[in-house]
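Quick notes on the structure that follows.
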Amino acid sequence: MAHPSPHQLAQLALGEHDQQVAEHAAACTRCTAELNRLREVQAALAAPDDEPLPAAPAPEHLWEGVARELGLGQSAEERDDAAATPADSPGAPDDPSPLTAAPDPDDASAPTPPTPLSAAPSRRNRVLAVASAAAAALVVAVAAGALILLPDTDEPEPAVAAEATLEPLADQPVPARASLVHRDDADAEPDAADELLLRLDIDELPEHDGYYELWLLDDEDEPTALLSLGPLSEETALPADLDLDAYPVVDVSREAYDGDPNHSGDSVLRGRLADAG
Amino acid sequence: MFAPDSLARDLDGQFRAGDEDALRAAWEHWSGLVHRLCRRSLSAADADDVTQQVFIEAWRKRDRYDPSRGPLPAWLLGIARLRVLDQLRRPRAEPVGTDIAGGSGERATADDVDALADRLLVADALARLPDTQRRVLELAYHQDLGHRDIAGQLGLPVGTVKSHLARGLARLRVGLELSRGASEPASAGPAGTG
């Protein structure tokens, strides 16, 4: 078999025995090493430590030494006092971070006035998705694929740049489909012409005490970078400067109204975007 | 005190790009961690020196830091580990006081330093996991609870608990090589992989 995913190896390290994964890992030096690393993480987690993690930084006079050695203090003073030339300032402080660059909630919930062009196919996809709710993700993927191949003829269908089948991670949700389209309808404002929209065809998700949030991740099994796109919506505009190669995985999480902006860790759907074509 | 995960990811890139504010932020978040590693293995004066060296070196060699291989604390602890070991290899007249060797005045060994670096890295990463995932791992490893008990305590299905455990574990593992010195930052030659 191919190398098991990090997730499968983690399951093995946790004692969830899978014959195939175990046999592969036993015979493969790379996976054996990976498994050993995971066991080391487990050992590190379980190791009793009398002290909690240090809550405070090292003494401030040590920082002053570092700043002096690297000449940081000086340039900071110049920046503050003498208003040094802009060229001196390292980096752009007002660079939007990925999180602040996320579309504002208004955009996410009501991206464009619905036009027949964007609304009609979306509804039909939706109906198909509902009809096959109990079927395997593959069936939904094929159905949605067929719609894309046979667009409504009266209006041009926006070009689909990439698609993903979102696999259910929790017990209840059904598979869903994500597609990335160029917003190229005539009504769009000129500067929005190149904007990418992430469209979701999701059968109704179970109600719960919170809400669902849409994310982009860097990796399906082992996400280390994540970007919130706000509360789940059928259509979400993506930040214009977003590097989709860095965030190719679509994820839907169940979130509580707890004011915590972090991912809850409770994902219900996830899938990797692949170029359409 | 610990940066939320997503915030820390931004910081990694900004540090790599040479943003001095990111260096200061890295100091605020992780100098305590680095200092702890040094302090447990070295004398107080050496621990202070090495902590400074670590941040100076991490900054000067930031073009060798690849955020995709692990978060900033892994880069910092990786350098700290090497510098602590350098210090321990130096011939010394009197033994240094160490915590990890049991406070008996014996020197910390490379294994002690590695194990502590692992623990600090994993504990730091754990603190930055999403709440539910963190709670599940804490109950499993700090309280020794089984899947079913964790599920009961958090009101989650057992399957979700298992999935959190596997995902959490895989996530905590990120950066372990980076901190293990698979990339010896000081030399371009072949590096010991620990």
Would you please give the FRET efficiency between residue B:63 and residue A:182, computed as 1/(1 + (r/R0)^6) with r the Cβ-Cβ distance and R0 = 35 Å, to the nearest 0.05? 0.45
Show B:118, A:241, B:86 ordered by accessible area, largest first, where the area counts protein heavy atoms only and the probe is 1.4 Å. A:241, B:86, B:118
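Pull out the extension gain between residue A:208 and residue A:3, defined as 0.36 nm times the separation in residues minus the alpha carbon to alpha carbon distance; nm, one decimal.
Here the segment from residue A:208 to residue A:3 would lengthen by 70.1 nm.
State, in square angstrom and to the nearest 100, the accessible area buried between chains A and B, both chains counted, probe radius 1.4 Å.
Working: alone 17460 and 10140 Å², together 22250 Å².
Its buried surface, counting both partners, is about 5300 Å².
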On the accessible surface of the stretch A:200-260, probed at 1.4 Å with all protein chains in place, carbon and sulfur together account for a percent value of 44
To the nearest 0.05, what FRET efficiency results for residue B:153 and residue B:111 with a Förster distance of 41 Å applied to their C-beta separation? 0.70
Between residue A:18 and residue A:68, what length comes free when the chain is fully extended (0.36 nm per residue of separation minus the Cα-Cα distance, one decimal in nm)? 12.4 nm
Residues in the stretch B:119-136 that, when all protein chains are in place, have 40 Å² or more less accessible area than the chain alone would give (probe 1.4 Å): B:119, B:122, B:130
Whole-Hz ³J(HN,Hα) for each residue in the stretch A:255-267, computed from phi via Karplus 6.51 cos²θ - 1.76 cosθ + 1.60 with θ = phi - 60°, x for glycine and proline: what do you get? 10, 9, 7, 10, x, 8, x, 6, 4, 5, x, 9, 8
Could you name every residue in the stretch B:152-181 that has 50 Å² or more less accessible surface in the full protein assembly than in its own chain alone (probe 1.4 Å, ligands and nucleic acids excluded)? B:166, B:167, B:169, B:170, B:171, B:173
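So how much slack lies between residue A:257 and residue A:275, counting 0.36 nm per residue of separation and subtracting their Cα-Cα distance, in nm?
3.0 nm
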Per its Cα gyration tensor (rounded if a/c is under 1.5, else prolate when a/b beats b/c, else oblate), the stretch A:20-72 is best filed as oblate
Could you work out the local net charge near residue A:269, counting Lys and Arg as +1, Asp and Glu as -1, over the other residues with Cβ closer than 9 Å to its Cβ? -1
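The values are calculated or read from the model by the stated rules, or taken from the named source; none is laboratory data. Treat the numbers as computed from the prediction; the structure is a model and nothing was measured. Note that we place each Cβ from the backbone using ideal geometry, even for glycine, and neighbour counts take in every protein chain shown. To get the accessible areas, we keep the full protein, side chains included, count just its heavy atoms, and leave off ligands, DNA and RNA. Shrake-Rupley method; radii C 1.70, N 1.55, O 1.52, S 1.80 Å.
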